[in-house]
1. Residue pairs, Cβ under 6 Å, 6 or more apart or interchain, first in the range B:120-136 and away from chain A (no Cβ under 12 Å), second surrounded by 24 or more Cβ atoms within 10 Å (Cβ to Cβ) and in a helix (DSSP H, G or I). List them.
2. Among the residues of the range A:8-30, count how many are part of a helix (DSSP H, G or I) and either outside the structural domain of A:F122 (by TED's automatic domain parsing) or in contact with a His (Cβ under 9 Å, 6 or more places away or on another chain) (or both).
3. Could you identify the single residue in B:L99, B:L110 that is surrounded by 19 or more Cβ atoms within 10 Å (Cβ to Cβ), more than 12 Å from B:I11 (Cβ to Cβ) and aliphatic (A, V, I, L, M)?
4. Identify the residue in the range B:44-58 that is of a type outside the set (A, V, I, L, M) and part of a helix (DSSP H, G or I) and, among all such residues, is farthest from the other protein chains (Cβ to nearest Cβ).
5. For the range B:147-169, which residues satisfy the criterion of being over 30 Å from B:A78 (Cα atoms) and either of a type in the set (A, V, I, L, M) or touching a residue at least 12 places away in the same chain (Cβ under 8 Å) (or both)?
6. For the range A:59-86, name all the residues that are among the β-branched types (V, I, T) and more than 14 Å from chain B (Cβ to nearest Cβ).
7. Filter the range A:32-42 down to the residues that are surrounded by 23 or more Cβ atoms within 10 Å (Cβ to Cβ) and more than 8 Å from chain B (Cβ to nearest Cβ) and list them by number.
8. Within the range A:53-62, is even one residue under 22 Å from B:V50 (Cα atoms), touching a residue at least 12 places away in the same chain (Cβ under 8 Å) and touching a helix residue (DSSP H, G or I) at 6+ places or on another chain (Cβ under 8 Å)?
2 protein chains.
Amino acid sequence: MKRLDLLEAVIGYSFTDISLLEQALTHRSHSARHNERLEFLGDSVLNFVVASMLYRRFDRIDEGDLSRLRANLVKQSALADIAQRLSLSDYLRLGEGELKSGGFRRPSILADSLEAIFGAVFLDAGFDAAERVISRQYEALLIDVDPKTLGKDPKTLLQELLQGRKLDLPVYTVVATHGAAHDQMFDIECSIAKLEILVRASGSSRRAAEQSAATQAIAELELKFPARAARQSRQRRSTQLRLPVAVPQENSR
Amino acid sequence: MKRLDLLEAVIGYSFTDISLLEQALTHRSHSARHNERLEFLGDSVLNFVVASMLYRRFDRIDEGDLSRLRANLVKQSALADIAQRLSLSDYLRLGEGELKSGGFRRPSILADSLEAIFGAVFLDAGFDAAERVISRQYEALLIDVDPKTLGKDPKTLLQELLQGRKLDLPVYTVVATHGAAHDQMFDIECSIAKLEILVRASGSSRRAAEQSAATQAIAELELKFPARAARQSRQRRSTQLRLPVAVPQENSR
């Protein structure tokens, strides 16, 4: 296991009581003083800090959209991504069984440990410290958030894109099914007649196949009518100008 | 509508920007500057503060129990109870329709407005102020929390009571159904043979009837074997001694 002061450096916080950080990194398979209570605390401070960041950054979107954005930013896979960036798996304390089965790579274990660290910082030094540690991880993510799309499923997105052009809804049709009843695959066609778009996708449920077809239809749509994509990437660039500008001369060596 | 300084007095906080409190009290039926975004923020600061209070107060219960306790303390009916204690309905700003249909008494509107007030305090003065306002409402509630029972449904509670006495699980039997298919009532018997307990209850679903029968069975159990109930009320009394003692001479006039 790597030295904890390296982890403290990447999260940007030094513990007064280092045993709190040790506990945050300890899975229940390892020992009795494990991280599950800290995870409970960390999950709730994380939810609050991200809520407050979203509230301030997006001052015109309604609470339904705020909830959707937050759910997307604090979901397991998003947390596991952050944990991976921090190389958290190098510091985890797992029991024998979990070690052998590669538990240090499992998204749930990574996400839970990251939440537990946030909880540990809160216990060690209070809310402001926890907020700083969480903000440090989320500020960059929030810059890329598009409140119109993040966390929406492809069918909803496609529908909104078409409604924005005053076009009819896409038509989804089951064109074939394969396999035995307990292991069926569905082939779905998604058609947008007015735009001459017709795509096809498979999935293990009708819903999964439809979502996959919608993803393809959105790709076709943006290929045929690049206007929207271009506008978005312009917005993205102008947003990024608000970032503190790094010193490019030094970084480019 | 009553003067807002009276409300500030009962929540124990005076706003720098009183328009935040006004917004927190404004339902979407009243005007465009309504409380739904504040409610999003307030819900998450509330969840966090209650999580942190529970974490500190109950240092030996696991995160599953912490979650159950919190869910129970921040659920709509619990918030509506607090709102009623604060006479929040005297201060709400509702549209015509909601006013006429008695919206100021509706638990969802009361609960949402209370959460919005917590969010408004956070925006006005930061986390510590919000924590103080929330703690003030929850400290007394937490004293009465029994982590073994709060928020558990009657069937689960009954099962745990019987397991604690090494007795078999209760047996639930449908003894009759009444009414048409879309409007059926179920009569359920709950039997605990070893203790000679047999109770009967009705409900619009099998599950509802079983829960109601379990409630009755628990009552019978505590009537027949008062030991557990007596122990609990002793605990309750000794817990209450930890409260700051009010000045009884003055209060009794």
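The values are calculated or read from the model by the stated rules, or taken from the named source; none is laboratory data. In this text the structure is predicted, and so the values were computed from the model without any measurement. Please note: Cβ atoms are built from the backbone with ideal geometry, for glycine as well, and neighbour counts cover all protein chains shown.
1. So the pair list comes out as B:V121/B:A130; B:V133/B:V121.
2. Summing the residues that are part of a helix (DSSP H, G or I) and either outside the structural domain of A:F122 (by TED's automatic domain parsing) or in contact with a His (Cβ under 9 Å, 6 or more places away or on another chain) (or both) in the range A:8-30 gives 1.
3. B:L110
4. B:R57
5. Within the range B:147-169, B:L167, B:D168, B:L169 qualify.
6. Hit for the range A:59-86 is A:I82, nothing else.
7. A:N35, A:L38, A:G42, listed by residue number.
8. Checked the range A:53-62: at least one residue is under 22 Å from B:V50 (Cα atoms), touching a residue at least 12 places away in the same chain (Cβ under 8 Å) and touching a helix residue (DSSP H, G or I) at 6+ places or on another chain (Cβ under 8 Å).
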